[in-house]
Every structure is written in structure tokens, then in C-alpha cells.
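This report concerns only the one structure given below.
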Amino acid sequence: MSMFIVPSDQPEEGKVEKVIIIGGGPAGFTAGLYTARAQLDPLLFTGNDIGGQVALTYEIENYPGFPEGLSGNELAERFQKQAEKFGTRVEYDHVLEVDLSQHPFTIRTQFEKTYRAEALILAMGATPRKLQVPGEAELTGRGVSYCATCDGFFFRDKEVVVVGGGDSALEEGIFLTRFASKVTIIHRRDQLRASKILQKRAFENDKIEFIWDTVVTRINAGENGAVASVSLKNVKTGEEYDFPTDGVFIFIGHIPNSQIVEGQLEMEDGGYIKTNCFGHTSVPGVFAAGEIQDHRFKQVSTSVGQGAMAAMEAEKFLAELEDKSYEDVKEEVLAAGLLPA
């Protein structure tokens, strides 16, 4: 669902948006839906990957209301369609800079546009974590991938490895069996972190094998310049060896896309934005939702709930601003203990 569209004309000079939402995944579009229905005329920036991580998921079975399941791409499209139906304005642009030092807040985009907003909802999500081993960067796109849905077709009747042991690793590994002749899941521990139902499906799949207590130390190219093998090391015995493979799919977690607010908001370990239980960040008027602040659940359904929550809190904040100054509202927020501890 990733696309590149030149956005509309420059924003009206001097205009201040009531609410700007940064991020076009489940949390962002839900925040758009709720703020639009509250007549706040929200402006949402999709970033470069419309739909977020959910758009790259082959099939979703655990989102309420869809007992037959549906593709992540279809669910993302439905999120956007519903948000736009109620008036969310969508800009296909990427935010490069956020200034929270004064109110209204300022954002600047890759198309050199500048916007101001009375409230911000940050829903930029997260990006796949890299192994950081030799050969990974050089062979990305030449056998190394972080998206089975995107690249699985290119490995028809080939043997691939999946690195990881969580839900994403098993979901994508099971999906890859539609194309690959064999999928070997490499995990650094001796048991998986994935849900029991996914483990059951993986263990029962004849095309899936496991290598336990092992890490990838290098990704090696063949004579054709594409992936030919991975170098492995058993973390318990110290044994090292090369394992032949045609592709490497890496699912070892994600890094929150919080770089543009680094140093301006309080952060948790790993770069997650620190929020209270209502989605407030350490700056009054700035809210966060989805995987940009969620290092525990990381589900579509929880991101949707967090997006709704942030939107409702933003609505309350803006209602207070109608009769009071930002400084007065800021003092009230502080006094009410609504900022993250």
C-alpha cells in the first residue's frame, strides 16, 4: 500500500489547524475518524507507508467484526475510507520536523511545507529492527527481506529462513509456505514467544522446520550477488556453521519512529514515547497512540483503541482552549496529573 503522491498546494498562510495527526496506520486513521466526527476538521499526514505495518500483513484473523478474516491491506483501506468519509483530510506527505517548543505547534514536511496546530496526535508507528550483521544491508532486496507479503512470491519453490520467534515471525513464516519449498525458523532461544495458536499451526506445517538456540552472524552472497547462505552460531554450544538458503526474512521486533520528537518529549527505553494511560505525552496538547508508544501489546485492536483515546483527549484539550489560554490549560493539565509520571 506504499505510494508516492504529490500533496496539495501550500497551506494557507497564518492558518492554525485544530488538530494534526501524524501517521496513517490504524491508530492514526482511528484518531482521524474520531476527531472528524467531533467536527475538528483533522489533517492527517500518512508518511511514506500508507496503512502502516498492518498493510503488509497477509491475513488478519483477530480483529473483531471480521470472523472470516481479511488482508491487512484491505483493513487499512477500510480505515482510511471511513476516516475520510467523516471529513479527515489526508495529505500524502512525510513529516520531517516537529517543533513543540511553543504553541501552536509547528511541523515541516518533505515537500517543504509548514503547518501549525493547536493539538498533535503522534501515530508514526514503528519500523522493522535490523540484525545488524555483515551482509544484511548489502543484500537487502537481493534475498534479505522484512516483509513476506511483499516478497514471498519471488521465492516460489525455494528454501528460505525466517529469523525470530514472535507472532510476526510465525505469521510470516506460515505465509511463506505458500511459495517456498521449505521454511526454516531460526530462533535464539529454545522456545517461541508467539501465541499458542500460531505455534500449533507452525509445528503442524510440514514445510516448516526450526533451528533453536541459534543466531545469525552473517548473511552471505553467492556468485550471482544474491543470498546463498547464512552463518549461524549456537548460543549454548558455540558451534558455528553455514546454512544454505535462498532468502532471509527478518522479524525480530520494531523500532518506534519517534526520531522527530526526540529531545522534546519524555521517552521510554527503546525510543517509545512516554504517555499516561490516556495517551497524554509530557507536553500538554501532544498525544501519542499505537506502536509509537506501545511496547507491550502491539496489536491492531489496541492501536485502534489508543487512537480513539488520544482523539477524545485531544477533543477535551481543544474544548478547554476555546475559553482559556494555552498556558492556563497547561497548568490545569499539570495540576490534574494528566502527564506521564
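Among what's in the stretch 68-91 and is part of a loop (DSSP other than H, G, I, E, B) and modelled with pLDDT under 95, pick the residue that is farthest from residue 117 (Cα to Cα). Steps first, please.
In the first step, residues of the stretch 68-91 are kept if they are part of a loop (DSSP other than H, G, I, E, B); the result is 68-69, 71, 86-88.
Adding the requirement that they be modelled with pLDDT under 95 leaves 68-69, 71.
Working: 68: 40, 69: 37, 71: 34 Å.
The residue in question is 68.
Let me spell it out: the conditions are (1) in contact (Cβ under 8 Å) with a residue 40 or more places away in the chain; (2) of a type in the set (Val, Ile, Thr); (3) closer than 24 Å to residue 179 by Cα, and residue 140 meets all of them except one. Which number is the exception?
The number of the failed condition is (1).
Just for the stretch 247-286: of the residues that are more than 19 Å from residue 310 (Cα to Cα) and aromatic (Phe, Trp, Tyr), which one is surrounded by the most Cβ atoms within 10 Å (Cβ to Cβ)?
249
I'm trying to understand the selection: among the residues of the stretch 186-230, which are touching a residue at least 24 places away in the same chain (Cβ under 8 Å), of a type in the set (S, T, N, Q) and under 17 Å from residue 159 (Cα atoms)?
Across the stretch 186-230, the qualifying residues are 205, 220.
Filtering the stretch 6-39 down to residues that are over 26 Å from residue 71 (Cβ atoms) and of a type in the set (Val, Ile, Thr), which residue is surrounded by the most Cβ atoms within 10 Å (Cβ to Cβ)?
Taking the candidates together, the pick is 35.
Hey, among 297, 317, 287, which residue is hydrophobic (A, V, I, L, M, F, W, C) and either in the same structural domain as residue 171 (by TED's automatic domain parsing) or without any contact (Cβ under 8 Å) to a residue 12 or more places away in the chain (or both)?
Exactly one of 297, 317, 287 is hydrophobic (A, V, I, L, M, F, W, C) and either in the same structural domain as residue 171 (by TED's automatic domain parsing) or without any contact (Cβ under 8 Å) to a residue 12 or more places away in the chain (or both), namely 297.
Check off (1) surrounded by 24 or more Cβ atoms within 10 Å (Cβ to Cβ); (2) closer than 30 Å to residue 153 by Cα for residue 289 and give me the number that stays unchecked.
Here residue 289 clears every test but (2).
Among the residues of the stretch 40-62, which ones are surrounded by 20 or more Cβ atoms within 10 Å (Cβ to Cβ), hydroxyl-bearing (Ser, Thr, Tyr) and in contact (Cβ under 8 Å) with a residue 60 or more places away in the chain?
57 - this is the single residue of the stretch 40-62 that is surrounded by 20 or more Cβ atoms within 10 Å (Cβ to Cβ), hydroxyl-bearing (Ser, Thr, Tyr) and in contact (Cβ under 8 Å) with a residue 60 or more places away in the chain.
Regarding the stretch 311-330, can at least one residue be identified that is over 30 Å from residue 139 (Cα atoms), under 18 Å from the mean Cα position of the chain (by Cα) and in a helix (DSSP H, G or I)?
First, the residues of the stretch 311-330 that are over 30 Å from residue 139 (Cα atoms): 311-330.
Pick out the ones that are also under 18 Å from the mean Cα position of the chain (by Cα) and you get none.
Within the stretch 311-330, none of the residues are over 30 Å from residue 139 (Cα atoms), under 18 Å from the mean Cα position of the chain (by Cα) and in a helix (DSSP H, G or I).
Of all residues in the stretch 105-155, how many are acidic (Asp, Glu) and either under 30 Å from residue 40 (Cα atoms) or in contact with a His (Cβ under 9 Å, 6 or more places away or on another chain) (or both)?
Initial filter on the stretch 105-155 (acidic (Asp, Glu)): 112, 118, 136, 138, 151.
If we keep only those that are either under 30 Å from residue 40 (Cα atoms) or in contact with a His (Cβ under 9 Å, 6 or more places away or on another chain) (or both) too, we end up with 112, 118.
Qualifying residue count, the stretch 105-155: 2.
I'd like to check something: does the stretch 223-246 contain any residue that is on the phi > 0 side of the Ramachandran plot and exposed (fewer than 15 other Cβ atoms within 10 Å of the Cβ)?
Within the stretch 223-246 (the criterion being on the phi > 0 side of the Ramachandran plot and exposed (fewer than 15 other Cβ atoms within 10 Å of the Cβ)), the answer is yes, since at least one residue qualifies.
Inside the stretch 235-247, can you point out the residues that are under 31 Å from the mean Cα position of the chain (by Cα) and either free of Cβ contacts under 8 Å to residues at least 40 places away in the same chain or farther than 29 Å from residue 153 by Cβ (or both)?
Answer for the stretch 235-247, where residues must be under 31 Å from the mean Cα position of the chain (by Cα) and either free of Cβ contacts under 8 Å to residues at least 40 places away in the same chain or farther than 29 Å from residue 153 by Cβ (or both): just 235.
Do we find that residue 206 is closer than 30 Å to residue 141 by Cβ, part of a loop (DSSP other than H, G, I, E, B) and at pLDDT 95 or above in this structure?
Numbers: closer than 30 Å to residue 141 by Cβ: yes; part of a loop (DSSP other than H, G, I, E, B): yes; at pLDDT 95 or above: yes.
So residue 206 passes the test.
The values are calculated or read from the model by the stated rules, or taken from the named source; none is laboratory data. Since the model is a prediction, treat every value here as computed from it, not as a measurement. Please note: Cβ atoms are built from the backbone with ideal geometry, for glycine as well, and neighbour counts cover all protein chains shown.
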